[in-house]
Amino acid sequence: MDSDALIALILAGLVLAGSPGPNTMSLAAAGAAFGARRSVPFMGGLAVGMLGVMALVASGVVALLLAVPGIAPVATIAALLYFVYLAWRIATAPPLTDGAAERRVPSVTDGLLQSFVNPKGYAAMLALFASHTLIADKLLADAALKIAVAFAIIVLVNAIWLVVGAALARFFRSPRANRIINISFAVLLLASAALLIPH
């Protein structure tokens with residue numbers, strides 16, 4: 001195993017997975033709107049969905065799909081519509097102090113769907129997998145190790161974003177402050193999604 005390539009992969013993975021994007025912003029928003037503990041299933045769905053994304057990237061399926069004429073714009077529009085829906089749910093969630101038990105929290109399924117429609121996830125995994133070789137001449141072992149490392153990074157980074165969002169909402173306890181935080185995170189989610197639109 002190439003230890004230098006492993007360090008480079010970890011550093012690149014931290015930057016790519018940790019930078020603001022639809023998944024990280026939605027986790028912070030879910031933490032702020034619904035609390036960290038109740039948002040763990042959503043975080044789990046995002047992580048498992050990213051495992052699926054990594055498998056699709058490593059197997060070459062994504063490259064084949066992107067070669068189909070007209071598929072990229074359709075996929076981008078579908079992703080943006082989903083992000084608008086999720087941002088609406090976050091922005092309109094009642095403050096943590098109001099009827100927390102009755103609010104519908106984003107689910108495992110919501111997380112899975114979001115990971116599969118998130119163009120940043122595919123782009124990040126394509127960049128990581130194409131630019132680093134950890135085990136030369138052993139494609140399956142190399143892909144498996146990359147997936148394991150990237151998955152660990154994603155879980156760590158996602159947990160941090162979730163806790164940060166929840167901490168902000170707990171720090172600003174008034175319903176008005178909670179509402180401002182929810183709306184702010186929803187706007188940030190939409191802004192991060194908008195950056196994915198090809199110019």
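What the table shows:
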read-out: Estimated FRET transfer efficiency when R0 is 30 angstrom, pair L126-R176 (beta carbons, to 0.05); value: 0.10
read-out: Region 148-161 - phi-based ³J(HN,Hα) in whole Hz, Karplus 6.51/-1.76/1.60, Gly and Pro as x; value: 4, 5, 4, 5, 4, 5, 4, 4, 4, 5, 4, 4, 5, 4
read-out: Contour excess over end-to-end distance, with Cα ends at L156 and S107 and 0.36 nm allotted per residue; value: 15.7 nm
read-out: Per-pair calculated FRET efficiency, R0 = 41 Å: W88 and T133 via Cβ, rounded to 0.05; value: 0.45
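All of the numbers you see were taken from the coordinates with simple rules; none came from a lab. Being a predicted model, the structure only gives us computed values, none of them experimental. Reconstructed Cβ throughout: ideal geometry from the backbone, glycine too, with neighbour counts over all protein chains shown.
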